[in-house]
Amino acid sequence: IISGAIWDFFLSLFCYNQTAPFLSSRASSQNCAQTKDCPVVKIRSRFLNILLAWAVVYTLRTIFRTLRMELHCPFDVEVYTSKERPETHISSVWHDQLIYPTFGVKSVKMSALISQHQDGQYLAECMRLLGFGTIRGSSHRGAVLALKEMVNNGSNGGRLVMTPDGPRGPQHELKSGVIYIASKTGMPVICVAAMSKNPWVIKGSWTNLYIPKPFSRTVFVASEMIPIPADIDKQQIEEYRQQIQQRMEEVQEEATAILAGERKVPTYMDPDAHSAEADNRQAA
């Protein structure tokens, strides 16, 4: 029962309304949602939530201290790590990769938008232990209050991390919520991708959760800050949604290529690539 509760808790951090999962490699994982015999264990005790959150945070912090991490971003990393920097932004990261920037980059003045669902309480406890602020709400519940809190957070120099394909998927399909919030708060969007060699995978019904193995190589790639204008209409929201969707896919491809050894830095940060592109344009 305890083992099942821990795994149910661990999956519910990122995949809501799931049954107890099992851990496997990427190649051999089977979807627990298709396994009818998976036990369902719900955790209602606040004390147990805190205890398990502490155990998960301690375990993952230990793993991340062993990783060989590479951070590629076109701006100063102090945008994330310094309390003195005035920049505010929204970090957009896919649901299955959220664990990487959460534990891999020591962010300050960062808050996370977390569902008001009971399962969201597990994630909220972990975020508090990591020093993140928490804003409870989603498009289905508490949206108005959450938006007001995010606007106040941005006005006070805060930063925000969002999973644009959550909370119910489909996987890697960007919702318009991140565009709407960026427009209302005035915060630009940074698209983030993170990958590691042969990670563990926890399978869920609509998305997975990747967990790096100790001592593995891990790559972070961040895009430039993408501003979203204020007071945009529905058509413009969709246009920017498509733009951010494409940029999310591009940084994912860059992270994959770097991890595979196909390039050392993202294409948009490689001066040789820019020089070759300029030569091609001139030749044309």
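The values are calculated or read from the model by the stated rules, or taken from the named source; none is laboratory data. Bear in mind the structure is a predicted one, so any value in this text is a computation, not a measurement. No Cβ is skipped: glycine too gets one built from the backbone with ideal geometry, and neighbour counts run over all protein chains shown.
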Exclusive hit being over 19 Å from the mean Cα position of the chain (by Cα), on the phi < 0 side of the Ramachandran plot and in contact (Cβ under 8 Å) with a residue 12 or more places away in the chain, set 151, 161, 178: 151
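Table: residues versus (1) of a type in the set (Ser, Thr, Tyr); (2) crowded, with 19+ Cβ neighbours inside 10 Å; (3) closer than 26 Å to residue 266 by Cβ.
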position: 154; (1), (2), (3): no, yes, no
position: 158; (1), (2), (3): no, yes, no
position: 162; (1), (2), (3): no, yes, yes
position: 167; (1), (2), (3): no, yes, no
position: 187; (1), (2), (3): no, yes, yes
position: 193; (1), (2), (3): no, yes, yes
position: 209; (1), (2), (3): no, yes, yes
position: 215; (1), (2), (3): no, no, yes
position: 225; (1), (2), (3): no, no, yes
Test: residue in the stretch 94-110 that is surrounded by fewer than 19 Cβ atoms within 10 Å (Cβ to Cβ), of a type in the set (A, V, I, L, M) and modelled with pLDDT of 85 or more: no
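Would you please name the residue that is surrounded by the most Cβ atoms within 10 Å (Cβ to Cβ), looking only at residues in the stretch 141-152 that are charged (D, E, K, R) and at pLDDT 75 or above? Spell out how you get there, then give the answer.
Let us first name the residues in the stretch 141-152 that are charged (D, E, K, R), namely 141, 148-149.
Retained after the next criterion (residues that are at pLDDT 75 or above): 148-149.
On the way: 148: 13, 149: 19.
Per the criteria, the residue is 149.
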Considering only the stretch 226-265, state which residues are closer than 18 Å to residue 190 by Cβ and either modelled with pLDDT under 95 or assigned to a strand (DSSP E or B) (or both). 226, 265
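Could you say whether any residue in the stretch 202-213 is in a loop (DSSP other than H, G, I, E, B) and under 14 Å from the mean Cα position of the chain (by Cα)? I'd like the intermediate steps shown before the answer.
Filtering the stretch 202-213 for residues in a loop (DSSP other than H, G, I, E, B) gives 204-207, 212-213.
If we keep only those that are under 14 Å from the mean Cα position of the chain (by Cα) as well, we get 207.
Scanning the stretch 202-213, I find at least one residue that is in a loop (DSSP other than H, G, I, E, B) and under 14 Å from the mean Cα position of the chain (by Cα), so the answer is yes.
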If a residue must be within 17 Å of the chain's Cα centre (by Cα) and of a type outside the set (Val, Ile, Thr), how many such residues does the stretch 71-106 contain? 17
Restricting attention to the stretch 89-106, which residues are part of a helix (DSSP H, G or I) and over 9 Å from residue 162 (Cα atoms)? 96, 97, 99, 100, 101, 102, 103, 104
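So, of the residues in the stretch 227-247 that are among the aliphatic types (A, V, I, L, M) and surrounded by 14 or more Cβ atoms within 10 Å (Cβ to Cβ), which turns out to be farthest from residue 98 (Cα to Cα)? I'd like the intermediate steps shown before the answer.
Step one: list which residues in the stretch 227-247 are among the aliphatic types (A, V, I, L, M), which gives 228, 230, 232, 237, 244.
Add one more test, that the residue is surrounded by 14 or more Cβ atoms within 10 Å (Cβ to Cβ), and what stays is 228, 232, 237, 244.
On the way: 228: 22, 232: 28, 237: 24, 244: 17 Å.
So, considering only residues that are among the aliphatic types (A, V, I, L, M) and surrounded by 14 or more Cβ atoms within 10 Å (Cβ to Cβ), the one farthest from residue 98 (Cα to Cα) is 232.
For the stretch 164-183, does any single residue satisfy the condition of being within 29 Å of residue 59 (Cβ to Cβ), at pLDDT below 95, in contact with a strand residue (DSSP E or B) (Cβ under 6 Å, 6 or more places away or on another chain) and of a type in the set (A, V, I, L, M, F, W, C)? Walk me through how you get there before you give the answer.
Restricting attention to the stretch 164-183, the residues satisfying the condition of being within 29 Å of residue 59 (Cβ to Cβ) are 164-169, 171-172.
This time we only want the ones that are at pLDDT below 95, so: 164-169, 171.
Restricting the remaining residues to those that are in contact with a strand residue (DSSP E or B) (Cβ under 6 Å, 6 or more places away or on another chain) gives 164.
Restricting the remaining residues to those that are of a type in the set (A, V, I, L, M, F, W, C) gives none.
No: the stretch 164-183 contains no residue that is within 29 Å of residue 59 (Cβ to Cβ), at pLDDT below 95, in contact with a strand residue (DSSP E or B) (Cβ under 6 Å, 6 or more places away or on another chain) and of a type in the set (A, V, I, L, M, F, W, C).
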